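Report on the following structure.
Please treat every number below as a calculation from the coordinates, not as lab data. Predicted model only: the values in this text are computed from it and were never measured. Don't worry about glycine lacking a Cβ; one is built from the backbone with ideal geometry, like all the others, and counts go over all protein chains shown.
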Amino acid sequence: GTSAVDIQQEILSCIEQNGNVNSLDIARKLNIAHQKIVGAIKSIESLGNVITVKQDTKKSLECTEEGRNVANDGSFEARLFNSLPPEGSPLAEIKANFPNANIALGAAMKYKWVRKDGEKVVRAIPTIEDQVQAHLQAILTGAVESVPEKLRADYKKRKLIKEIDLAYFEVSKGCEFTTKVTKQEAELTKEMIESGQWKGKNFKPFNFKSKGRLEQRSGHLHPLMQLRSEFRQIFLEMGFTEMPTNNFIESAFWNFDALFQPQKHPARDAQDTFYVADPAKTITVPEDYLERVKKTHTVGGYGSTGYQSDWSRDEANKNLLRTHTTAVSARMLYRLAQEGFKPVKYFSIDRVFRNETLDATHLAEFHQLEGVVADYNLSVKNLMGVIKAFFEKIGITKLRFKPAYNPYTEPSMEIFSFHEGLKKWVEVGNSGMFRPEMLRPMGIPENITVAAWGLSLERPAMIMYEINNIRELVGPRVKMELILENPVCTINKFRRPEPPNRGT
Ligand code: PHE
């Protein structure tokens, strides 16, 4: 092929001889695609004042996709002619199988290339010349004028060619005209600097007009993790401190017993909880605290009668994948009591595990958000107030509380919010005041109450992304586009726009 520098050289010699050149003429003369000539002109232009370039457009013709197809493989009528065996082919077969059979047959008959012989189509002459193909090949190279005007109109009707505005260039000598093109250096190297060669080099100027890549790929947070960081921000704005949640494996003691969850509670069944086989038992539990927990479960205390049933240390020692982040809250409240109580606001957002039947809205692992407020004489009103403030931050203002039951809270309330899309109340969380049977064995003083609430991270995420199947949010079926095109801030997606006011 002709190298880029060769083409530039040709263009410059042409200008030297004729004073100026037109990019279309030179493309035809050199039989090189016009686009390549344009590229070469641009390269010479970037050298400085070697040439002067003027751009103009003119009406021209271009092959359509079908036209290019014909230019490459021949017209349908020629293809039909070439496909006919010496004995001919049945007309019905051609009509059924040959691409564009009607057009091909019509044209081949008109040119008298083929004729009908009973039910068959046979060749009428031994060889043909595919003029349509030749013309389209000419148009491909820009030699539009070589095709008779009448035929151009015909090809246009057949949608083999179409009219375009063709941009071309008139090139003439610049004030520093030369026919000697030297390859420009694109890079200043260490060797050039050391040897001093750079002094004699011709460097390619920077192209500050270059568009660069439109889409820049970069790292993206998974939508769920992004939502987590936004929720984290909300908790921090509200003055909450994050609890350390970096232990997925927990003992039954902290996950259940510390929370006054009876050992016979169905949630502790292996059907609901994943127990860990190795190591199967926890190593240490604070012994004095464990004694108080055991006593509260078996005989009661702090005004409670307890469960009045057996309590097994072996059961409490079992390791499991934590079923809720309330296990972390229990550890933190115990620690707070040991360090000397002071009012606190804690939160956590992390993964929990449940041995559940998997379906469109449930996975065996998901994320929980949890808020805990411990202070002197807090009441249910304080709990409802802080939950309202929290949900308001994500644009959820319609809240309802429904009495519920948790072994570790009294009272307990499920939190419902009005879903504008579904037009119904949906459960968004669970809450309550931690029971004295949980707090007092820890050493939390009597005049302290603790309000807490929890919700899954996946539920609001599914509502926000309008995803009905959780597998489209978590796991191998997540679409890359969801992650790449996800806006930087997602939480305000909760804030559905007000319905437009249409007046009355
Ligand atoms: N632990 C509860 C759950 O898993 C949520 C909760 C947290 C309820 C705190 C009350 C208080 O659903």
With the convex hull built on the alpha-carbon atoms of the chain, volume per residue in Å³ sits at 371 Å³
Computed E for residue 362/residue 287 - FRET, C-beta separation, R0 56 angstrom, nearest 0.05:
0.90
Rounded to the nearest whole number, the Stokes-Einstein translational diffusion coefficient of the range 217-257 at 25 °C and 0.890 mPa s (Kirkwood radius, C-alpha pairs) in µm²/s is 190 µm²/s
Distant alpha-carbon pairs in the range 28-86 (separation over 18 angstrom), percent:
62 percent
Which loop GluC sites (Glu not before Pro) in the range 210-291, with loop taken from DSSP, have no more than 12 other Cβ atoms within 10 angstrom of their Cβ?
215
Extension gain, residue 466 back to residue 309 (0.36 nm per residue minus Cα-Cα distance, nm):
51.8 nm
By what distance, in whole Å, do the Cα atoms of the range 224-493 stretch along each of the three principal axes, largest value first?
55, 42, 32
Tell me which trypsin sites (Lys or Arg not before Pro) from the range 197-232 have a DSSP coil assignment and no more than 12 other beta carbons within 10 Å of their own.
209, 211, 213, 217
Quick check: residue separation of residue 125 and residue 187 times 0.36 nm, minus the Cα distance between them. What number comes out in nm?
16.0 nm
Order the peptides 446-459, 265-278, 63-76 from the highest to the lowest mean number of other Cβ atoms within 10 Å of their residues.
446-459, 63-76, 265-278
Ranked from highest to lowest mean number of other Cβ atoms within 10 Å per residue, what is the order of the peptides 252-260, 86-94, 463-471?
252-260, 463-471, 86-94
Cβ-derived FRET efficiency at R0 56 Å, residue 247 paired with residue 209, nearest 0.05:
0.50
Under the √(5λ) rule applied to the eigenvalues of the Cα gyration tensor, what semi-axes describe the equivalent ellipsoid of the range 76-129? Give them in Å, descending.
14, 13, 10
Taking Cα pairs under 8 Å and at least six residues apart, what relative contact order does the chain come out at, in percent?
13 percent
Residue span residue 339 to residue 480: 0.36 nm per residue of separation minus Cα-Cα distance leaves a gain in nm of 46.1 nm
